[in-house]
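The values are calculated or read from the model by the stated rules, or taken from the named source; none is laboratory data. Quantities reported herein were computed from a predicted structural model and do not represent experimental measurements. Quick reminder, even Gly has a Cβ in these numbers, built from the backbone with ideal geometry, and neighbours come from all protein chains shown.
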Amino acid sequence: MARTPAPAKPSSEHRRRGFEPAFSLMQGQLRHAGEARGFAVARLVTHWPEVVGEDIARVTRPVKVGYGREGMGGSLTLLVQGAAAPIIEMQKDTIRTRVNAVYGYNAISRILLTQTSAFGFAEGQAQFTAAPKAPAPVDPALAERASAETAAVGDPGLRAALERLAQNILTRHKAE
């Protein structure tokens with residue numbers, strides 16, 4: 001009696017439950033682009049304000065990580081707004097310590113600064129802050145209904161957060 005082979009199970013990379021996170025669709029391309037500039041840890045670029053702090057991130061951007069021939073330590077090149085360069089120069093050790101904490105070892109031994117200005121050639125321009133998002137217009141009827149739903153909450157901060165959540169949910173259900 002001949003035995004029929006069992007149907008092949010779909011591999012995990014071909015079939016997943018539900019939707020895939022957007023980052024997983026682009027992960028390969030982002031990793032390749034990051035590694036081309038020396039960034040072995042993508043978190044260094046994507047979470048720069050969390051790594052070095054808001055005050056330093058406001059005037060700097062990581063541009064490139066270069067490694068020595070013998071692997072004796074890398075150099076991180078930062079793009080810095082011109083007027084802030086002397087201040088960042090004094091904070092190099094702090095930045096290096098924080099960046100190495102992301103890597104988990106002393107991967108970066110020195111930090112190089114490249115100055116830019118707010119005007120000039122297109123290559124030298126750098127936008128360091130994201131434009132603030134414009135608040136979405138709120139339907140007054142939905143705002144009133146959300147306020148009525150959360151009226152029993154005593155803490156004003158929690159009530160405001162729950163009202164925003166209720167408005168988002170009610171707006172989504174209204175669109176469907």
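Among what's in segment 145-176 and is exposed (fewer than 11 other Cβ atoms within 10 Å of the Cβ) and assigned to a helix (DSSP H, G or I), pick the residue that is modelled with the lowest pLDDT.
Top of the filtered list is A175.
Of the residues A83, A101, which is aliphatic (A, V, I, L, M), loosely packed, with under 12 Cβ neighbours inside 10 Å and within 16 Å of W48 (Cα to Cα)?
A101
I'd like to verify a number: residues in segment 67-87 that are part of a helix (DSSP H, G or I) and either closer than 12 Å to L112 by Cα or modelled with pLDDT of 90 or more (or both), how many?
The qualifying residues number 3.
Conditions first: (1) part of a helix (DSSP H, G or I); (2) modelled with pLDDT of 90 or more. L113 passes all but one, so which condition is the exception?
(1)
Starting from segment 88-109, take each residue that is modelled with pLDDT under 85 and list its partners that are among the hydroxyl-bearing types (S, T, Y) and outside any helix (DSSP H, G or I), counting only C-beta distances under 9 angstrom and pairs at least six apart or across chains.
So the pair list comes out as A107/Y67.
What about A130, is it surrounded by 16 or more Cβ atoms within 10 Å (Cβ to Cβ), assigned to a loop (DSSP other than H, G, I, E, B) and modelled with pLDDT under 85?
no
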